[in-house]
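Peer 1: Got a structure for you, questions after.
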Amino acid sequence: MTESVSRTEPDSRRWWALALLCGAFFMVILDAAIVTVALPSIEEDLGFTSQGLQWVVSAYALTFAGLLLLGGRAADLLGRRRVFMVGLVIFTLASLLCGLAWSDHALIGARALQGIGAAIMTPSALSIITTTFEEGAERNKALGIWGALGGIGATTAWLIGGPIVDGLGWEWIFFINIPVGLAALALAPVLLRESTAPPARRSYDPAGAATITGALALLVYAVVEAPDKGWTDPQTIVVLACSAALLAAFAAIESRHPAPLVPLRIFRSRTIAGANAVMLVFGMLPYGLGFILTLYAQQVLGYSAVKFGLTSLVFPATAAVGSVLGQSLVLRAGFRPVAAAGMALMGAGALLLTQVSVGGSYFDDIFFGLLVFGPGVGLAFVTASIAALAGVPERESGIASGLSNTSFQIGAALGVAIVTTVAVSRTGHYTATHTGANPLIGLTEGFRAAFLAVAILAGIGVALALLLPGRPHRTQEQFELEPSAVPAAAE
């Protein structure tokens, strides 16, 4: 097995390596978000229902979330560069299949495969960063760049996606990944050096991965189907009960497994536990808001995909500013105030969007909401990313990075499911009680309720952010995370 990388000599190629890894991460996040702009076109071409459409987002997020922990463990055991490249191959192939999808089910299946590739690639890339850069100012700078590009990728997707969808067709939002993936595959052996964190016992915990993925899929399915079936319907209750049972099984497996995907002792760190709670809620907000906003702009205001993309430029611009500020503010002010400020800004932006109307306009209904929401995305994401890896020893960097990304993707899947449920329920109630009313009014009522749901979730995020410590204490965090020498050897 390859020996762990020595930390005595900084890698002279580390900033070029960072550029490559951030480029791959940008592609993953971009692809998770760019599909939002194309949803109305995909819905029309492939015959999706309103509720079924959210699976284009959720299928990707669920496999991404469910297998991230396994991907992080595989990176630590098999070699971070090797696993990164395997994930890159799967992601690139799945992108081709997405673009060639001939039906709604084919696209959902390809998106699920794409999520698997992302789940293998992303924690490997983040783990390479944490083992390449020493903890402190340099690692924080690298993670700040990583977080900034992630935030920009999530928001620039709207800007890039519009012209692609209207000009070339929605298929090309997937095809553009292919040359990027091939270039990254060619450069990875040159710029990235191999490293592992060898334990005494090689174990991958597939049972843990299967139970957590199943639990999440059932939870999202129950939330999405509840408006039609009813929350007290036997099907909803049974599905939720099965989800809870699988989640309990996951916890039991992790507590007994000799090399679990998630060592439960990692949650002894207040910083890491709090950061993952913040990341979970954070994931709900931009994905939930973006899903609803693109449907409102294109279905109610009649925007083309390219017009929506171009008018949303304020979002990536302000998110980028928030990311840059967040990286420096965390070093000065600590985690708590920066994360809370980011969540508060997102909540305020969502509240402004609850005023959207059928006869609205961009500046009256959309602009100011995005102007406020955008900086919050950058502040919260960068802060939670840095906090989730604070004080983590090198040998567990794959676990910590996988857990952070898992929290984010779980939030994304749940966020889209929640806003879809709220919007469909409110629209259904309005049309049932206002016979003959303009259907666009019913749609708008549903979208307004969904924006309010995003604001409420952001309020929960503020409360969680206030529980974070002010500043990390490296020695204490490592003491809480690292077992003694004897148990470590026994594992």
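Peer 1: Enter the angle in degrees (range 0 to 90, nearest 10) between the Cα long axis of helix 368-388 and the first principal axis of the Cα atoms of the chain, meaning the one along which they spread out most.
Peer 2: Here the helix axis deviates by roughly 20 degrees.
Peer 1: Compute the signed sum of charges (Lys and Arg +1, Asp and Glu -1) over the other residues within less than 12 Å, Cβ to Cβ, of V239.
Peer 2: Details: positive: K229; negative: E225, D233.
Overall, the nearby charge balance is -1.
Peer 1: First select every other residue whose beta carbon is under 13 angstrom from the beta carbon of I292; then total the charges, Lys and Arg +1, Asp and Glu -1. If you can, show how the numbers build up before the last one.
Peer 2: Working: positive: R426, R448; negative: D365, E445.
Here the charged neighbours net out to 0.
Peer 1: Which of the three applies to segment 221-280, rounded, prolate or oblate, going by the alpha-carbon gyration tensor with a ≥ b ≥ c and a/c under 1.5 meaning rounded? The partial results should precede the final answer.
Peer 2: Details: a/c = 4.36, a/b = 1.86, b/c = 2.35.
Since a/c reaches 1.5 but b/c is at least a/b, the shape of segment 221-280 is classed as oblate.
Peer 1: Another one. Using each residue's phi in segment 257-263, evaluate 6.51 cos²θ - 1.76 cosθ + 1.60 at θ = phi - 60° and report the 3J(HN,Hα) Karplus result to the nearest Hz, with x for Gly and Pro.
Peer 2: With the stated coefficients, segment 257-263 comes to 6, x, 9, x, 4, 10, x Hz.
Peer 1: Right, another one. What is the Cα centroid distance between segment 209-224 and segment 358-377, reported in whole angstrom?
Peer 2: 33
Peer 1: Here's a follow-up. Which net charge results when you count Lys and Arg as +1 and Asp and Glu as -1 among the other residues whose beta-carbon is under 15 Å from that of L371?
Peer 2: Values: positive: none; negative: D364, D365.
Charge balance near L371 sits at -2.
Peer 1: Going by how many other Cβ atoms sit within 10 Å of their own, how do W170, W102, W16 line up, fewest first? Walk me through the numbers before you get to the answer.
Peer 2: Working: W170 27, W102 8, W16 14.
If I rank by nearby Cβ atoms, fewest first, I get W102, W16, W170.
Peer 1: Sticking with this one: Please give the helix 104-132 orientation as an angle from the longest Cα principal axis of the chain, in degrees from 0 to 90, rounded to the nearest 10.
Peer 2: 40
Peer 1: How large is ³J(HN,Hα) for each residue in segment 39-50, as worked out from phi by the Karplus curve 6.51 cos²θ - 1.76 cosθ + 1.60 (θ = phi - 60°), to whole Hz, x for Gly and Pro?
Peer 2: Computed from phi, the couplings for segment 39-50 are 4, x, 5, 5, 4, 6, 6, 9, x, 6, 7, 4 Hz.
Peer 1: As a check on your grasp of the helix formula, calculate [θ] at 222 nm for the chain: sum -39500 (n - 2.57) over DSSP H runs of n ≥ 4, divide by the residue count, round to the nearest 500.
Peer 2: Details: 18 runs with 374 residues, N = 491.
The helix contribution divided over the chain gives -26500 deg cm²/dmol.
Peer 1: Now a separate question. Which value, in debye to the nearest 20, gives the size of the charge dipole of the chain about its Cα centre, when Lys and Arg are +1 and Asp and Glu are -1 at the Cβ?
Peer 2: The calculated dipole for the chain is roughly 1020 debye.
Peer 1: On to the next question. At a 10 Å Cβ-Cβ cut-off, how would you order R448, R256, R270, fewest neighbours first? Present the calculation step by step, with values, prior to reporting the outcome.
Peer 2: Details: R448 20, R256 8, R270 17.
With the sparsest Cβ surroundings first, the list reads R256, R270, R448.
Peer 1: Continuing with the same structure: With Rg and the Kirkwood Rh both taken from Cα atoms, where does Rg over Rh land for segment 295-424?
Peer 2: Values: Rg = 17.0 Å, Rh = 16.3 Å.
Rg/Rh for segment 295-424 comes to 1.04.
Peer 1: Mind listing the phi-derived Karplus ³J(HN,Hα) values for segment 62-72, rounded to whole Hz, using 6.51, -1.76 and 1.60 with θ = phi - 60°, and x for any glycine or proline?
Peer 2: Calculated HN-Hα couplings, in order: 6, 5, 4, 5, x, 10, 4, 5, 5, x, x Hz.
Peer 1: May I ask for the percentage of alpha-carbon pairs in the chain that lie more than 39 Å from each other? It would help to have the intermediate numbers written out before the result.
Peer 2: Details: 21174 of 120295 pairs.
Every Cα pair in the chain considered, those over 39 Å come to 18 percent.
Readers should treat all values here as calculations from the given coordinates under stated rules, not as data from a laboratory. Just so we're clear, the structure is a prediction, and the values are computed from it rather than from any experiment. Here the Cβ is made from the backbone with ideal geometry for all residues, glycine too, and neighbour counts use every protein chain on show.
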